[in-house]
Amino acid sequence: MDSQTPGLRQLIAIGCLMLIPLLFSVLAVPPAYACQEESPIGTLESIQGSEDDAIAFFENQVKPILESHCLECHGQDPDELGGHLALISRNSILTGGDSGAAIDLQNPDDSLLLDAINYGSYEMPPNGKLSADKIEVLTRWVGMGLPWSGPETDTTVEHSRKTKIPEVNETTKAFWSFRQVARPTVPMVQDKVWVTSDIDRFVLAQLEAVGLSPAPPVSKTVLVRRAYYDLIGLPPTPEQVQAFVDDETENAYSGLIDELLESPHYGEKWGRHWLDLVRYAESNSFERDGTKPFVWRYRDYVIQSFNDDKPYDQFLIEQLAGDELDEPTAESMIATGYYRLGQWDDEPADPQQALFDELDDILATTSQAMLGLTINCARCHDHKIDPIPTTDYYRMLAFFRNVRRYGLRDDQSVMDASTRQIERDDSVDLATREKYEQTVARLGTVIAGIEQLAIADFEPVERDEFQYDQNRVRLLQKRVETGVLSQAQLHQYEQSRAELKNLNDNPPNTFRILCVHELQQEPDQTHVMIRGNPQLAGDPVEPGFVSVLSPPEPQINPASDGHSSGRRTALARWIASAEHPLTARVIVNRIWQHHFGRGIVRSTSDFGFQGERPTHPLLLDYLADEFVNSGWSIKRLHRMIMNSSAYRMSGLFNSAAYEFDPTNDLFWRFDMRRLTAEEIRDSILAVSGRLNRDRLYGPSVFASLSQEVLSGQSMPGSGWGTSTDDDARRRSIYVHVKRSLQVPLLASFDAADTEASCPVRFNTTQPTQALGLLNSEFTNHEAAEFAQIVAEQFNDVADQVREILLRVTQREPTVDEIDHGVRLIGQWRSEDGVDEQQALSFFCLMGLNLNEFIFLE
């Protein structure tokens, strides 16, 4: 047993102590399954052939499933009958609806109902697949010939609806978020001393109305840390904290905000919020999960747009229709990479279904991220909650109907359908161009020669796999193992491929971008797809906006170059209009959310009937009006919010306020928040000074992952490269985002789900977080590096402890904290026998595990 083992035991003990409160919080909450509906099925009993047994089976096991999961859409109301299919009698089921009979008694296994509940051509129920035992019950029922209690035409299965599907009328148009923004009158308040901005008047007016007072202001030490994390996502250095604390000038705080807003790291922090909304990822998902070419340019576009304080309306227009502008630029065309961020099935069983799934994904992301509406819920039937009919869904879909699919199958089809070559502004001399072309040709010859040696040894299935670029190194590696190729040849192959890719990505006179393309200038006709089935075209529709918002008719002008229909421009200009009732409200609410921990409307991507009502509706409209009138400037909005007294409140607990308002709806104090996954990783690197802050933008980098993690994919290790130590220490926003392979530290601390738009990251508390921070290779390596840096600066143990705690907490540690650290290091050395440097590494690791490090007051 080596000398470090006792020290590791000590650390494990610390980890267990850290986990005690966490485990109590976990044990205090019932397991997830305890909250689920208890199954009415129980154990399936063998059904005998008697009629009585069959009827009992229907009554006891089938009927509850129909009532719980089916009759919401397929009940008795003829005006709200999904697909005109009623499941209220044996006769109505056999008669069927728009798609024919639900049950085929001659061939039960081919019944439409069974296909739907197994998520085949249809997906029923649409809000989540039935459990396996419920599917088994319905399958058994169909196989028995559909036994039914009572006369076959009786509606013996009953269902009462509590609400009706809302219609588009004057009443629903008057819903708070569907009305145009009107600037409210700023309220009068009693405590004028507390007020530093109009924001404070709106907040204070509601507090005073119920007899509450706001929390006192936070200390300057806490405030500077809050401002740094909120605007650039990084901790301040001890020197930066001290400089702000010592600055007694009147504009010290406002000057700090201006300084942080001008930092290039501002765009890295706030660009990440937008990437969450548009489900940014750099791979396609599904089995192969291939890499999206040049997608990082879109990420850079977002970061740069925030740094430049690009007007938000322009930001939206460029992403939706940057290629259709009168004078498109490389930047505006890169912005249309927005259309290429979703998942792509490169080998769909039903290509038409895959096409409409991808269009639905674009519409869902656009409507939720930009408008705060769940329009996608109206794909198969009229929206059950909001006044959005199915025709509105397909009219909105028509704006995207002409978008060319990401690709058809292979990598070349993606290059043709989703990339574009852009001329560089600066000219390149002939000699440079010729040298480039010669190098490309030479590398291509080397690669092709090695590939031909391997291909001759391939099995038929491997020849098919070889057409996918991500499989090639793996297949050649197998030829090294069998002796067809040497290790040197494989190494030369990998080096040549990497060099060729770099040259192809960065030619001397052009560069390629990921972007949108349309199919033709005159799009195909869009139809309402009955029950969302792309094989069942209904009435034709033309492009149009959501009718409950009282929109104008779209003004569509095809592009003069003949390459685009102009539809997306019409949509973009409507969404980005100053008169739109939702766009400004939604983004203002999101900015507020990321400063205060929750939005004025908590359901930040749902401003519809099912969403939460605003806690401060007048404040929301005031901010939306200010935002538009300021030229859609997000940085100006930051200044307004952060200079308010409301933002500078402490989190001091007030029992009377808590009793009246336990969820802090009135903002009587500032809520503590945990750092995001990216902020935690970046802060671990930043406190030691090892974070690579200087390199901005460019291709993504790869964090170092263990072989066990790499093996977790369907194609182990595929699509994950290596980066230099310097690159691997860049900010987390530059780490490659692969849908099938998450960086463990980021995943455990709730990084964004990339499958759909992610408006809110729900912070979980789970043992893997503490265990990962304590035991992962990354944190242990960085703790050792941190200790080495501190040891080189300070010889005295007390000074070392002080410096570590100062960097980790960004405040001056107390004498007791320093003394405790010195004693702990001494115990590790004397009782566990570890050397001086290892003990200091353990203390650094402990510092990175402090709650004060990962929580922001």
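The values are calculated or read from the model by the stated rules, or taken from the named source; none is laboratory data. What you see is a predicted model, and the numbers here were worked out from it, not measured in a lab. Backbone-built Cβ (ideal geometry, glycine too); neighbour counts: all protein chains shown. We work out accessible area using only protein heavy atoms, side chains counted, and drop any ligands, DNA or RNA first. Shrake-Rupley method; radii C 1.70, N 1.55, O 1.52, S 1.80 Å.
The condition (being open to solvent by 20 Å² or more (accessible area, probe 1.4 Å) and within 29 Å of the chain's Cα centre (by Cα)) is satisfied by just one residue among Thr237, Thr249, Thr291: Thr291.
Applying the set (1) small (Gly, Ala, Ser); (2) more than 23 Å from Leu514 (Cα to Cα); (3) in contact (Cβ under 8 Å) with a residue 40 or more places away in the chain; (4) open to solvent by 40 Å² or more (accessible area, probe 1.4 Å) to Gly712 leaves exactly one unmet item: (3). Just to be sure, is Tyr338 part of a helix (DSSP H, G or I) and touching a strand residue (DSSP E or B) at 6+ places or on another chain (Cβ under 6 Å)? The answer is no for Tyr338. For the stretch 629-666, the candidate set comprises residues that are under 20 Å from His273 (Cβ atoms) and of a type in the set (A, V, I, L, M); within that set, the residue that is most open to solvent (accessible area, probe 1.4 Å) is Met640. Here the stretch 455-477 is the region considered, the condition is being of a type in the set (D, E, K, R) and open to solvent by less than 80 Å² (accessible area, probe 1.4 Å), and the residue that is farthest from the chain's Cα centre (by Cα) is Asp457. Against the list (1) in contact (Cβ under 8 Å) with a residue 60 or more places away in the chain; (2) under 30 Å from His381 (Cβ atoms); (3) open to solvent by 10 Å² or more (accessible area, probe 1.4 Å); (4) aliphatic (A, V, I, L, M), the condition Ile575 fails is (3). Here is a check on your reading of the model: is Glu331 in contact (Cβ under 8 Å) with a residue 12 or more places away in the chain and either in contact with a Phe, Trp or Tyr (Cβ under 7 Å, 6 or more places away or on another chain) or outside any helix (DSSP H, G or I) (or both)? So Glu331 passes the test.
Would you pick out the residues in the stretch 123-141 that are part of a loop (DSSP other than H, G, I, E, B) and either closer than 19 Å to Ala54 by Cβ or touching a residue at least 60 places away in the same chain (Cβ under 8 Å) (or both)? Result: Pro126, Leu130, Ser131.
Scanning the stretch 734-784 for residues that are free of Cβ contacts under 8 Å to residues at least 12 places away in the same chain and under 30 Å from Pro293 (Cα atoms) turns up just one, Gln742. Scanning the stretch 578-594 for residues that are polar (S, T, N, Q) and open to solvent by 10 Å² or more (accessible area, probe 1.4 Å) turns up just one, Gln593. Of all residues in the stretch 210-239, those satisfying the criterion of being in contact with a Lys or Arg (Cβ under 8 Å, 6 or more places away or on another chain), within 18 Å of Asp200 (Cα to Cα) and not in a helix (DSSP H, G or I) are Pro214, Ala215, Pro217, Val218.
Against the list (1) buried (at least 20 other Cβ atoms within 10 Å of the Cβ); (2) more than 17 Å from Lys269 (Cβ to Cβ), the condition Glu679 fails is (2).
For beta carbons closer than 9 Å, sequence separation of 6+ or different chains, a first residue in the stretch 396-425 that is open to solvent by 50 Å² or more (accessible area, probe 1.4 Å) and part of a loop (DSSP other than H, G, I, E, B) and a second that is at pLDDT below 90 and of a type in the set (S, T, N, Q), the qualifying pairs are Arg409/Gln467; Asp410/Gln467; Arg424/Asn509; Arg424/Thr510.
With respect to (1) touching a helix residue (DSSP H, G or I) at 6+ places or on another chain (Cβ under 7 Å); (2) under 23 Å from Ala770 (Cβ atoms), the lone exception for Ile818 is condition (2). Sub-7 Å Cβ pairs linking a first residue in the stretch 813-831 that is more than 17 Å from Glu852 (Cβ to Cβ) to a second residue that is assigned to a loop (DSSP other than H, G, I, E, B), at least 6 apart or interchain, are Trp828/Val834, ordered by first then second residue.
Residue-by-condition table, conditions (1) among the β-branched types (Val, Ile, Thr); (2) over 30 Å from Met124 (Cα atoms); (3) touching a strand residue (DSSP E or B) at 6+ places or on another chain (Cβ under 9 Å); (4) open to solvent by 30 Å² or more (accessible area, probe 1.4 Å):
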{"site": "Met529", "(1), (2), (3), (4)": "no, no, yes, no"}
{"site": "Leu536", "(1), (2), (3), (4)": "no, no, yes, yes"}
{"site": "Ser550", "(1), (2), (3), (4)": "no, yes, no, yes"}
{"site": "Asn557", "(1), (2), (3), (4)": "no, yes, no, yes"}
{"site": "Ser560", "(1), (2), (3), (4)": "no, yes, no, yes"}
{"site": "Gly566", "(1), (2), (3), (4)": "no, yes, no, no"}
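Please verify whether Leu805 is touching a residue at least 60 places away in the same chain (Cβ under 8 Å) and either open to solvent by 20 Å² or more (accessible area, probe 1.4 Å) or under 30 Å from Gly826 (Cα atoms) (or both), treating the condition exactly as stated. So Leu805 does not fit the description; no.
Candidates Glu792, Glu852, Glu782, Glu831: the one that is out of contact with any strand residue (DSSP E or B) (no Cβ under 8 Å at 6 or more places or on another chain), assigned to a helix (DSSP H, G or I), among the acidic types (Asp, Glu) and crowded, with 20+ Cβ neighbours inside 10 Å is Glu782.
Screening the candidates Trp141, Trp148 for the property of being in contact with a Lys or Arg (Cβ under 8 Å, 6 or more places away or on another chain), of a type outside the set (Gly, Ala, Ser) and over 23 Å from Arg379 (Cβ atoms) yields one hit, Trp148. Restricting attention to the stretch 234-256, the residues being of a type outside the set (A, V, I, L, M, F, W, C) and over 19 Å from Met640 (Cα atoms) number 11. Restricting attention to the stretch 294-309 and to residues that are surrounded by 22 or more Cβ atoms within 10 Å (Cβ to Cβ) and charged (D, E, K, R), the residue that is nearest to Asp505 (Cα to Cα) turns out to be Arg297.
So, Pro108, is that one out of contact with any Ser or Thr (no Cβ under 6 Å at 6 or more places or on another chain) and open to solvent by less than 30 Å² (accessible area, probe 1.4 Å) or not? So that I can check it myself, show each step before the final result.
Values: out of contact with any Ser or Thr (no Cβ under 6 Å at 6 or more places or on another chain): yes; open to solvent by less than 30 Å² (accessible area, probe 1.4 Å): no.
No.
Pairing residues of the stretch 675-702 that are in contact (Cβ under 8 Å) with a residue 60 or more places away in the chain and on the phi > 0 side of the Ramachandran plot with residues that are part of a helix (DSSP H, G or I) and surrounded by fewer than 22 Cβ atoms within 10 Å (Cβ to Cβ), at Cβ distances under 6 Å and at least 6 apart in sequence or on separate chains, gives Tyr697/Asp300. When the test is whether a residue is modelled with pLDDT of 95 or more, outside any strand (DSSP E or B), under 25 Å from the mean Cα position of the chain (by Cα) and surrounded by fewer than 19 Cβ atoms within 10 Å (Cβ to Cβ), Asp671 passes it. Restricting attention to the stretch 426-445 and to residues that are among the aliphatic types (A, V, I, L, M) and within 41 Å of the chain's Cα centre (by Cα), the residue that is surrounded by the most Cβ atoms within 10 Å (Cβ to Cβ) turns out to be Leu443.
Restricting the search to helices (runs of 4 or more DSSP H) fully inside the stretch 244-309 and requiring at least 1 residues that are closer than 19 Å to Met333 by Cα gives 265-277, 296-307.
Evaluate the stretch 272-280: report whether one residue or more is in contact (Cβ under 8 Å) with a residue 24 or more places away in the chain and open to solvent by 20 Å² or more (accessible area, probe 1.4 Å). Checking the stretch 272-280: at least one residue is in contact (Cβ under 8 Å) with a residue 24 or more places away in the chain and open to solvent by 20 Å² or more (accessible area, probe 1.4 Å).
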